[in-house]
Each structure stands twice: as structure tokens, then as C-alpha cells.
Amino acid sequence: MVVTKKNAPPKPEARKELPINQQYQEKAKAELRSAIAEHGSSYDDLAAKLNAMGVEITPRGLENKISRGGFSAAFLLQCRDALDA
């Protein structure tokens with residue numbers, strides 16, 4: 001029986017560091033900020049609406065999350081629904 005040595009798998013790279021992902025994070029931030037402005041809302045208003053939906057977040061936490069831009073599509077949709085409610 002011949003044992004062959006397999007090559008090690010490639011080292012994982014943080015996806016958030018890839019330029020394409022950073023580009024889309026910026027788009028997501030801009031879209032959410034635009035939606036907040038279009039609805040005449042503030043972070044306080046949106047946080048209150050999200051909390052009413054069952055998404056627990058403070059206005060400061062919301063602001064930080066949007067500023068980082070690394071939020072999920074589910075969170076983006078939750079924000080859009082809260083603003084439209």
C-alpha cells in the first residue's frame with residue numbers, strides 16, 4: 001500500500017478583507033443610511049422600531065453596526081421593514 005501525502009489546504013483569508021466585500025459593505029451602509037434619511041428617521045427611531053419587532057439593539061449599537069457595514073442581509077431587510085412599518 002502506497003501512502004501519498006496530500007497538500008495542505010490553503011490558509012483561509014478573512015472574507016471581509018477582500019476588496020470586493022469591502023466595496024459591497026460600503027454599498028450596504030450607503031443604502032441603509034439613505035433609507036433612514038428618506039423616511040425622515042434617526043438611529044433612535046429605527047432602534048425603537050427594531051426593538052418593537054423583537055430585534056434588540058440600542059441606538060448606539062445600531063449606529064456602530066451600520067458604521068462597520070458588516071451586517072447581514074437579514075439585518076438589512078429587518079431595517080427596511082421597520083422603516084416601512
Name the residues in the range 1-21 that are under 18 Å from the mean Cα position of the chain (by Cα) and without any contact (Cβ under 8 Å) to a residue 24 or more places away in the chain, would you? Ala14, Arg15, Glu17, Leu18, Pro19, Ile20, Asn21
Which helices (runs of 4 or more DSSP H) does the chain wholly contain that include 2 or more residues that are in contact with a Lys or Arg (Cβ under 9 Å, 6 or more places away or on another chain) and surrounded by 14 or more Cβ atoms within 10 Å (Cβ to Cβ)? 19-38, 43-53, 73-84
Selection from the range 33-81 of residues that are closer than 19 Å to Gln22 by Cβ and charged (D, E, K, R): Arg33, Lys65, Arg68
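Values quoted throughout were computed directly from the atomic coordinates according to the rules given, and no laboratory measurement underlies them. Keep in mind it's a predicted model, so treat the numbers as computed, not measured. In this analysis, Cβ positions are derived from the backbone assuming ideal geometry, glycine residues included, and neighbour counts consider all displayed protein chains.
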